[in-house]
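The values are calculated or read from the model by the stated rules, or taken from the named source; none is laboratory data. Just so it is clear, the model here is predicted, and its values are computed rather than measured. Backbone-built Cβ (ideal geometry, glycine too); neighbour counts: all protein chains shown. Heavy atoms of the whole protein, side chains included, go into the accessibility calculation; ligands, DNA and RNA do not. Shrake-Rupley method; radii C 1.70, N 1.55, O 1.52, S 1.80 Å.
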Amino acid sequence: MSDLAPELDNFQQKIDDEQRIEPKDWMPEKYRLNLIRQMSQHAHSEVIGMQPEGNWISSAPSLYRKIVLLSKVQDEAGHGLYLYSATETLGISRAEMNSRLQSGESKYASIFNYPSLTWADVGAIGWLVDGAAIVNQVSLQRTSYGPYARAMIRICKEESFHQRQGYDIMVKLAEGSKEQREMAQDAINRWWWPSLMMFGPHDSDSVNSQQSMKWKIKRQSNDDLRQKFVDQTVQQTEILKLELPDPDLKWNEERQHYDFGEIDWDEFYQVIKGNGHCNRDRIKHHVSAHEEGAWVRDAMTAYAEKKAQRKEVA
Amino acid sequence: MTEPSNLSTYVLRLADDAMVLGQRISEWTSNSPNLEEDIANSNVALDYLGRARMLYAYAATMLNTTEDELAFMRDARQYTNLLMHELPKGDYAFSTVRQFFIDSFDVLYFEQLVNSSDAQLAAIAAKTLKECRYHVRRSRDLMVRLGDGTEESHTRMQTALNELWGYRHELFMDDELETELQQQGIAITRTDLQQAWDAAINDCLAEATLSIPETDWTVTGGRAGVHSEHLGHMLDDMQCLHRSYPGVTW
Ligand SMILES: [Fe+2]
Ligand SMILES: [Fe+2]
Ligand SMILES: [Fe+2]
């Protein structure tokens with residue numbers, strides 16, 4: 001323990017000085033494991049998050065919407081890819097991360113266990129779910145691990161397009177027919193609370209928070225980020241002339257923030273534990289694509305090996 | 001809607017080809033063998049859907065309607081895509097062989113169509129050609145890697161080849177309408193492309209260690225709206241939401 005002390009001091013000093021930790025730098029094992037957990041969970045969320053929206057690509061209501069949605073879902077695959085690559089710099093393979101996702105050992109954002117039931121859900125997901133993700137990711141652009149911070153900078157550029165396309169869907173529905181407005185309101189009613197849950201438990205109940213803040217893996221607390229998201233979203237909802245499903249939501253002049261009601265944490269933990277509509281479907285979908293693609297990946301590897309051998313012989 | 005002309009009918013045919021294949025390729029999104037392939041498939045699907053949109057929009061100006069009306073409000077019997085484009089995505093071998101057949105054809109086709117006397121079509125063709133050249137590089141490469149990969153991949157590729165073989169004839173058939181448009185310098189003579197296409201396919205199959213199917217067969221009917229049973233189901237899914245809320249915007 002004691003012979004690590006100078007390295008640890010040095011490491012903490014670098015973090016305190018706002019320097020980035022790079023893959024070749026010394027780091028405490030707990031820092032590395034903590035990052036692997038958080039980054040792979042983030043990568044899995046990008047990939048599993050393709051499913052609820054992907055569900056609507058085939059039946060998007062116009063050609064324009066189909067194209068926008070497909071390119072959004074494609075971006076999420078790209079985010080998954082950057083994040084897996086960034087996580088690999090910590091000494092874990094993509095195959096290993098994949099199998100941890102499929103075995104349930106590794107988590108993904110629990111919000112994707114909710115079903116996307118109508119076209120308005122595509123709007124609500126882009127607006128609220130990507131919106132919440134952005135608040136978190138903007139803060140992570142300054143995270144202490146270099147490859148993670150750089151991945152976040154790249155990802156944030158695309159995320160703002162995601163939120164805009166989602167909000168734009170909501171605007172069109174809100175300006176549309178009675179049925180369209182109802183569809184939009186129903187989607188907000190179902191996605192609002194889960195979006196707030198995306199920021200995680202209250203700071204006082206969050207197991208990993210304190211150490212993560214000290215190491216600057218996290219830069220802002222769950223509750224601060226959640227507040228920021230609520231504040232920005234209330235105004236956007238007013239423009240739509242739709243409502244957020246929270247009777248306790250009101251401006252607090254003193255705090256200069258919106259107050260809002262208590263989250264149903266029981267629901268949050270229930271869904272994480274497996275009691276959401278889609279927990280099984282999401283993993284099943286992932287496993288089946290992976291298994292059906294096994295022969296393709298094997299063939300690509302076999303071909304590359306043959307080619308290398310032929311080169312050697314020649 | 002205005003009465004269709006030869007030109008609007010022709011443009012609609014090309015639009016339908018791009019639409020149904022784009023829809024099929026997009027089914028790979030979140031279902032591909034790995035993330036790299038997933039991204040590439042979405043990319044190709046986006047190119048096709050973008051092409052469909054340009055062509056529908058052009059047809060819509062001639063027919064005095066909208067792109068969405070043409071894509072979402074016509075039934076399977078009114079769709080005039082060539083059959084190969086609408087077939088279910090199958091396994092990765094099937095989608096790969098189909099894509100290579102169509103990419104190889106499209107490069108030849110749009111290389112000619114850029115010279116169309118119809119300026120709008122020529123402009124769409126120029127944009128499309130760039131995409132097709134990229135697509136065929138990818139699908140040809142996949143043909144070789146999967147054809148000459150493992151025993152299983154080889155078998156799957158040969159099976160896909162056999163299952164698609166008879167649909168290729170339709171790519172090279174000129175009917176009266178297209179012949180008339182060819183005489184005006186607007187459309188392309190499909191028959192003329194067959195030799196170059198055969199050569200490109202043979203060349204690739206040899207490298208991929210695959211063989212030309214022993215039995216040939218011919219199924220046609222797409223241009224006349226006589227489709228596989230699959231197209232109707234695909235359109236049900238694609239058009240249902242749009243049709244459920246008539247007259248609204250999205
Ligand atoms: Fe995301
Ligand atoms: Fe993302
Ligand atoms: Fe996103």
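Quick notes
- Residues that are surrounded by fewer than 14 Cβ atoms within 10 Å (Cβ to Cβ), more than 14 Å from every other protein chain (Cβ to nearest Cβ) and polar (S, T, N, Q) do occur in region A:1-8.
- First in region B:182-198 and loosely packed, with under 15 Cβ neighbours inside 10 Å, second anywhere and aliphatic (A, V, I, L, M), Cβ under 8 Å, 6 or more apart: B:THR191/B:MET173; B:ALA196/B:LEU108
- Enumerated helices (runs of 4 or more DSSP H) restricted to region A:173-280, each holding at least 3 residues that are open to solvent by less than 30 Å² (accessible area, probe 1.4 Å) and of a type in the set (A, V, I, L, M): A:178-197, A:222-240
- Residue among A:ALA299, A:ALA294 that is surrounded by 11 or more Cβ atoms within 10 Å (Cβ to Cβ), within 14 Å of chain B (Cβ to nearest Cβ), among the aliphatic types (A, V, I, L, M) and within 26 Å of A:TYR108 (Cα to Cα): A:ALA294
- Members of region B:22-72 that are open to solvent by 30 Å² or more (accessible area, probe 1.4 Å), outside any helix (DSSP H, G or I) and within 9 Å of chain A (Cβ to nearest Cβ): B:GLU27, B:ASN31, B:ASN34
- Condition check for B:ASP17: open to solvent by 10 Å² or more (accessible area, probe 1.4 Å), more than 13 Å from every other protein chain (Cβ to nearest Cβ) and modelled with pLDDT of 95 or more: yes
- Any hit, region A:74-85, residues being surrounded by fewer than 16 Cβ atoms within 10 Å (Cβ to Cβ), more than 9 Å from every other protein chain (Cβ to nearest Cβ) and part of a loop (DSSP other than H, G, I, E, B): no
- Identity of the residue in region B:149-181, without any contact (Cβ under 8 Å) to a residue 40 or more places away in the chain and in a helix (DSSP H, G or I), that ends up farthest from B:SER5 (Cα to Cα): B:GLU151
- Within region B:223-250, being part of a helix (DSSP H, G or I), open to solvent by less than 40 Å² (accessible area, probe 1.4 Å) and touching a Phe, Trp or Tyr at 6+ places or on another chain (Cβ under 8 Å) holds for B:LEU231, B:LEU235, B:MET238, B:GLN239, B:LEU241, B:HIS242.
- Exactly one residue among A:ALA120, A:ALA109, A:ALA149 is touching a residue at least 40 places away in the same chain (Cβ under 8 Å), within 16 Å of ligand 1 (Cβ to nearest atom) and of a type in the set (A, V, I, L, M, F, W, C), and that residue is A:ALA109.
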